[in-house]
Amino acid sequence: MAGTLFNLSSNRRIVAGLLVNLLSSICIVFINKWIYVHYGFPNMTLTLVHFVVTWLGLYICNKMDIFSPKSLPIRRIVWLALSFCGFVAFTNLSLQNNSIGTYQLAKAMTTPVIILIQTTYYKKTFSTKIKLTLVPITLGVILNSYFDVRFNLLGMVFATLGVLVTSLYQVWVGAKQHELQVNSMQLLYYQAPLSSGFLLCVVPVFEPLTGDGGIFGPWSLPALMTVLFSGVVAFLVNLSIYWIIGNTSAVTYNMFGHFKFCITLIGGYLLFHDPLSLNQALGILCTLAGILSYTHFKLNEQEEGKSRLAQRP
């Protein structure tokens, strides 16, 4: 009975974490879009602000005794911090040098690459049923982006690097939490300022530091307040990402990412009357079918695992 209550409590926490990530992720998309359109704030600089605010948020949480930092050797998380910077830089370059459809199709390849990395280097096994759920999801992304897929050599290089580095980053987020025996807040408390420092070195390569559009540019008070608000929402996004991956897996987080993509498309159609073609509608249905199948098979695997443990003498 106690075990059942614990499992229910654990599942509720996971659902709560997913809901926080869903709401904050959708919110950050619209806030960022507003910032780009109305203020012209640069993309990578905004990401840098997000991570600085994330660290400040964690610092405040620490002072309020919400969590206790654990002393970690910086060398153990340097590659995690660098991979975050690479993931931001290469995905931005992919978006810059590819069409939206090609960019989305490349992002969908993150899930199979994560499975490949975890199978090859971490000796983690995935059932055939789980692997097959990637088929309708990939098909759904293709249907959504079919008319906007255009390939070019430079764009493909950046897209490939973006997928590889993003996959490594998400795998390492979960692996480091288990390896270092830390929770999401403890790990992010160290990674956020480290990534901010590395990102500050990368930003001048892609964006100006001063003048119009620069990190220290002449921004209006409304612009700065909106950017600060987006940083607070980004704090919830970053924390929930770490929490979800640490408590489930990088693959589950990616599956949830596909779900958020579908919700964003449906929300744009219902709330803003964005056009939604028949292909996109079919793509959404295929993607949702893959996600539901993955959830069903994953829950069955967990129940089978519990049954095997209960049958042991």
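Coordinate-derived values only; no laboratory data. The structure presented is a predicted model; accordingly, all values stated were derived computationally and were not measured. For neighbour counting, all protein chains shown are included, and Cβ atoms are generated from backbone atoms with ideal geometry for every residue, glycine included.
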Completion exercise
If the chain between V232 and L285 were fully extended at 0.36 nm per residue, the gain over the current Cα-Cα distance would be 15.8 nm
Handout entry: Under 5 Å, built H, 5+ apart or other chain: amide partners of D274
Key = Y269
Exercise for the section: Would you kindly state how much longer the chain becomes between S220 and S277 on full extension, computed as 0.36 nm times their sequence separation minus their alpha carbon distance, in nm to one decimal? Expected result: 16.6 nm
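Only helices at least 18 Å long along their own axis, judged from Cα atoms, and with Kyte-Doolittle mean hydropathy of 1.6 or greater: name those in the chain from DSSP H. Don't skip to the answer; put the middle values down first.
Details: long enough: 2-39 (54 Å, 0.93); 43-63 (30 Å, 0.99); 78-97 (28 Å, 1.20); 153-179 (38 Å, 0.93); 184-206 (30 Å, 1.21); 221-247 (39 Å, 1.72); 250-272 (32 Å, 1.14); 278-311 (50 Å, -0.08).
Qualifying helices, which must be both long enough and hydrophobic enough, are 221-247.
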Problem - FRET efficiency estimate (nearest 0.05) - Cβ-Cβ, I26 to F67, R0 30 angstrom - result: 0.70
Problem - Selection from H38, L22, I77 lying farthest towards where the dipole of the stretch 12-99 points positive, charges on Cβ - result: I77
Problem - Per-residue [θ]222 nm for the chain (sum of -39500 (n - 2.57) over DSSP H runs n ≥ 4, rounded to 500) - result: -28000 deg cm²/dmol
Practice task
Using the structure shown, select from K70/K124; K70/K260; K124/K260; K70/K123; K63/K107 the pairs with a Cα to Cα distance greater than 30 angstrom.
Solution key: K70/K260; K63/K107
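Please arrange M64, M44 by counting, for each residue, the other beta carbons lying within 10 Å of its beta carbon, fewest first. Kindly include the intermediate steps, with their values, before the conclusion.
Numbers: M64 8, M44 20.
Final ranking by Cβ density, sparse to dense: M64, M44.
Among T45, T120, which comes first, then next, by fewest other beta-carbon atoms within 10 Å? Present the calculation step by step, with values, prior to reporting the outcome.
On the way: T45 22, T120 9.
In increasing order of surrounding Cβ atoms, one gets T120, T45.
Which chymotrypsin sites (Phe, Trp or Tyr not before Pro) in the stretch 197-287 pass both tests, a DSSP loop state and at most 11 other beta-carbon atoms within 10 Å? Spell out each step's value before the answer.
Values: sites: F198, F206, F216, W219, F229, F235, Y242, W243, Y253, F256, F259, F261, Y269, F272; in loops: F216, W219.
Within the stretch 197-287, the qualifying chymotrypsin sites (Phe, Trp or Tyr not before Pro) (loop, at most 11 other Cβ atoms within 10 Å) are F216.
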Problem - [x] -0.34, -1.06; [y] -0.42, -1.09; [z] -0.38, -1.24, with the label sought being that of the calculated log10 I(q)/I(0) by the Debye sum over Cα atoms at q = 0.08, 0.14 Å⁻¹ - result: [z]
Exercise for the section: Give me the net charge of T133's neighbourhood, meaning all other residues with Cβ under 15 Å from the Cβ of T133; Lys, Arg count +1, Asp, Glu -1. Expected result: +2
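Using the crude model of +1 on Lys and Arg Cβ and -1 on Asp and Glu Cβ, and no other charge, please compute the dipole size for the chain relative to its Cα centre, in debye to 20.
Working: 19 positive and 9 negative charges, 195 e Å.
Charge dipole of the chain: 940 debye, to the nearest 20.
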